[in-house]
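The values are calculated or read from the model by the stated rules, or taken from the named source; none is laboratory data. Note that this is a predicted model, so its numbers are computed, not measured. Here the Cβ positions follow ideal geometry from the backbone for every residue, glycine too, while neighbour counts run over all protein chains shown. In case anyone asks, the SASA skips ligands and DNA or RNA and just uses the protein heavy atoms, side chains included. Shrake-Rupley method; radii C 1.70, N 1.55, O 1.52, S 1.80 Å.
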Amino acid sequence: MNGVSLFPRQMRFVQDERRFPGYVGGIGSGKSFAGGVKALARFDKPGLGGVFAPSYPMLRDATQRTLIGLLELTGIAYEQHKGENRIRIPASGHEILFRSLDNPDSVRGPNLDWGWIDEASLVSKEASNVVNGRVRVGDNPQVWKTFTPKGRNWCWEEYERDATGNESDPLHPLYRVKTTENPELPDDFAYSLGYTGRFAEQELGGEFVAFEGVVYPMFNRTRHVQVRETPDWATALAVDVGTRNPTAIL
């Protein structure tokens, strides 16, 4: 694409045609840029796409700004209809809707060819499911999600716990990118932030980490969850009432 430079992992993400590709990365790893370039690849023919973010300020100040910047960088002519929060590409008739996901019910109307959820780890699972259900027309209906991990929430469940956690998954391929992989950043950018430990693994390494206090960080589902026959076991009920931490009933 003229005027756009992608490093190899970004390129593979942009070219991926599977149903729900995800791009998880650290701060400055090029998540929104890659998500926007993937949208641009759809603009050469008629269609309707949706760009989504957790809140309207994030949509306006980051995601929408990134996409408009890419349109101008590549010289693609566009018409912006601010009142409708919509962009139209005159050459092809393609249209893009921009919507906030703080109220998932507000996006139940349109039938979309594609959808992009930016900062997906900050939206609810319900909101993600609503977008998934709206993308169902066209030659290759696809929803891609770009995000930095926020603990082991639904993004972890969808892309790592219940999938391969890498680029090979048939339905939820995951492209994990470290902050240091982005050649556009200064060499010392990641180091200058001073992040350490699990926080650095999450914010710079794009890793789904379990923080202390709520769950055990060493927990591994494959190793620690096993099926056992227990017909003669007694049953005991235990309740640990939480104040600052969640209540647990076992």
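Observations
- Gyration tensor verdict on region 1-156 (Cα atoms; rounded if a/c is under 1.5, prolate if a/b is larger than b/c, oblate otherwise): rounded
- Accessible surface computed residue by residue for the chain, with neighbouring protein chains in place and a 1.4 Å probe, gives 54 Å² per residue.
- With every protein chain in place, the chain: carbon and sulfur % of accessible area (1.4 Å): 52 percent
- Evaluated over the chain, the count of Lys pairs having alpha-carbon atoms less than 18 Å apart is 8 (only pairs 8 or more residues apart or interchain).
- The charge dipole of the chain, taken about the Cα centre with unit charges on the Cβ atoms of Lys, Arg (+1) and Asp, Glu (-1), comes to about 360 debye, rounded to the nearest 20.
- Extension gain, ARG198 back to ASN153 (0.36 nm per residue minus Cα-Cα distance, nm): 14.6 nm
- Whether region 105-250 is rounded, prolate or oblate, judged on the alpha carbon gyration tensor where a/c under 1.5 counts as rounded: oblate
- Sites SER92 and GLU167, calculated FRET efficiency, Cβ-Cβ separation with R0 22 Å, nearest 0.05: 0.15
- For a modelled paramagnetic label at GLU72, 7 Å from Cα along Cα-to-Cβ, the residues of region 24-65 in reach, with backbone nitrogen under 15 Å, are 61-65.
- Computed from Cα atoms, the angle from the helix 125-134 axis to the main principal axis of the chain rounds to 40 degrees.
- Helical runs (DSSP H, four residues minimum) scored at -39500 (n - 2.57) apiece and divided by the length of the chain put the mean residue ellipticity at 222 nm at -5500 deg cm²/dmol.
- Here the label points at THR230 and ARG136, each 7 Å from Cα along the C-beta direction, are separated by 4.0 nm in the simple model.
- Rg followed by Dmax, in Å, when region 6-82 is reduced to its Cα trace: 12.7, 35
- Spacing of the modelled spin labels on LEU237 and ARG65, each 7 Å from Cα toward Cβ, amounts to 5.4 nm.
- Descending semi-axes in whole angstrom, ellipsoid equivalent of region 42-118, from the Cα gyration tensor: 20, 15, 10
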